[in-house]
Amino acid sequence: MIRLNNREFEEIVSYIRSNYGINLEKKQVLIECRMAREMEKRGLTSFTQYMEQMRNDRSGEMAGEMINRITTNYTYFMREPAHFSALYNDILPDLFEDRGMGICNIWSAGCSTGEEVYSVAMLVQDYRERGARMPGIRITATDISGEALKKAEEGIYPLKELESLPGPWQRKYCHVRDGNTFAVDERLRYNIRFRRHNLMEQPPGADKYDLILCRNVMIYFDRQSRGRLIRQLEQCLKPGGYLLVGHAELLAADETGLKAVYPAVYKNIKTR
Ligand SMILES: C[S@@+](CC[C@H](N)C(=O)[O-])C[C@H]1O[C@@H](n2cnc3c(N)ncnc32)[C@H](O)[C@@H]1O
């Protein structure tokens, strides 16, 4: 495996932090391990060569490859179940009531391979099937990793992942394809728009959102990027809208003007 010298390590840490917000200060071995295959594939013998080629690569392909390797995409269906109970029992009914027959915009920011956004889509679909009065739903799902997004768009998962879903939803929304995989139902997929998006840049689309899930993303960020992201998420939340972060990423009172309404759930209580 090719090792990083101090200068190369500092250069990569600074590049990733300033472009993507991710803090790799204590992750030298992780970078070396995860980049090993890319270095080999390109026949490179040092990280200096990699960084030089990457900076000259106008297509952005190498930077994309690097971010695919560096990001941690761990996720699963109904991760942090307390959030999904709160969504089902309180947050979605509150939003649907408030938005009437208008549009409800949902954003899964840092959706990884899609399990989070499909879990939300299952809640919404269940609502719809119960004949409840509800607004039109638009769901945007974004991630910086093109590789993770591709899997999200495909919506095909190993059978083992069914375990975290309630039995009736496994039967209704998941179709076993072969001995190893299942596909999520088309009814979940049709109103989700997947996009590659860097959370260090302007939010996707001109819309403001009624519900934002940005969970287990800023846990990897440095302090400054985390602050910037929180401000940005706050700005694109509609009055009455909700922001969900990971339970390990709770927002301090001095970090946000949003009101904590459940653990790791915040509401924009401004009226306009
Ligand atoms: C651990 S996963 C979390 C997935 C899901 N939200 C969950 O809670 O299970 C973190 C995701 O954040 C994405 N990510 C990290 N930095 C990002 C950035 N600057 N912009 C957009 N996505 C980013 C990673 O690619 C990864 O897929």
Is it the case that the stretch 60-72 has a residue that's modelled with pLDDT of 95 or more and not in a helix (DSSP H, G or I)?
yes
Looking at (1) outside the structural domain of ARG196 (by TED's automatic domain parsing); (2) touching a strand residue (DSSP E or B) at 6+ places or on another chain (Cβ under 9 Å); (3) away from the ligand (no atom under 16 Å from the Cβ); (4) of a type in the set (S, T, N, Q), which is the only condition ASN23 fails?
(3)
When you look at GLY102, is it in the same structural domain as GLY155 (by TED's automatic domain parsing), small (Gly, Ala, Ser), more than 16 Å from the ligand (Cβ to nearest atom) and in contact with a strand residue (DSSP E or B) (Cβ under 9 Å, 6 or more places away or on another chain), yes or no?
yes
Scanning the stretch 39-71 residue by residue, those near the ligand (Cβ under 9 Å from one of its atoms) and in contact with a strand residue (DSSP E or B) (Cβ under 9 Å, 6 or more places away or on another chain) turn out to be ILE67, ILE70, THR71
In the set PHE194, PHE182, which member is aromatic (Phe, Trp, Tyr), more than 16 Å from the ligand (Cβ to nearest atom), touching a Cys at 6+ places or on another chain (Cβ under 8 Å) and outside any helix (DSSP H, G or I)?
PHE182
State the number of residues belonging to the stretch 69-79 that are closer than 23 Å to ALA183 by Cβ and of a type in the set (S, T, N, Q).
2
Within the stretch 208-216, is there a residue that is in a strand (DSSP E or B), more than 24 Å from VAL245 (Cα to Cα) and more than 16 Å from the ligand (Cβ to nearest atom)?
no
Would you please name the residue that is nearest to GLY155 (Cα to Cα), looking only at residues in the stretch 184-199 that are over 13 Å from the mean Cα position of the chain (by Cα) and crowded, with 16+ Cβ neighbours inside 10 Å?
VAL184
Just a yes or no: is a residue in the stretch 82-91 part of a helix (DSSP H, G or I), surrounded by 16 or more Cβ atoms within 10 Å (Cβ to Cβ) and modelled with pLDDT under 95?
no
How about the stretch 107-155: which of its residues are over 29 Å from ASN180 (Cα atoms), charged (D, E, K, R) and touching a helix residue (DSSP H, G or I) at 6+ places or on another chain (Cβ under 8 Å)?
ARG133
Report yes if some residue within the stretch 144-162 is among the β-branched types (Val, Ile, Thr) and more than 18 Å from MET122 (Cβ to Cβ); otherwise report no.
yes
Of all residues in the stretch 135-161, which are of a type in the set (Ser, Thr, Tyr) and away from the ligand (no atom under 12 Å from the Cβ)?
THR140, TYR157
Top-ranked residue in the stretch 162-179 [being closer than 19 Å to GLU116 by Cβ and not hydrophobic (A, V, I, L, M, F, W, C); ranked as nearest to the ligand (Cβ to nearest atom)]
SER164
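The values are calculated or read from the model by the stated rules, or taken from the named source; none is laboratory data. Because the structure is predicted, anything quoted here is derived from the model rather than measured. Cβ coordinates were reconstructed from backbone atoms using ideal geometry, including for glycine residues, and neighbour counts include every protein chain displayed.
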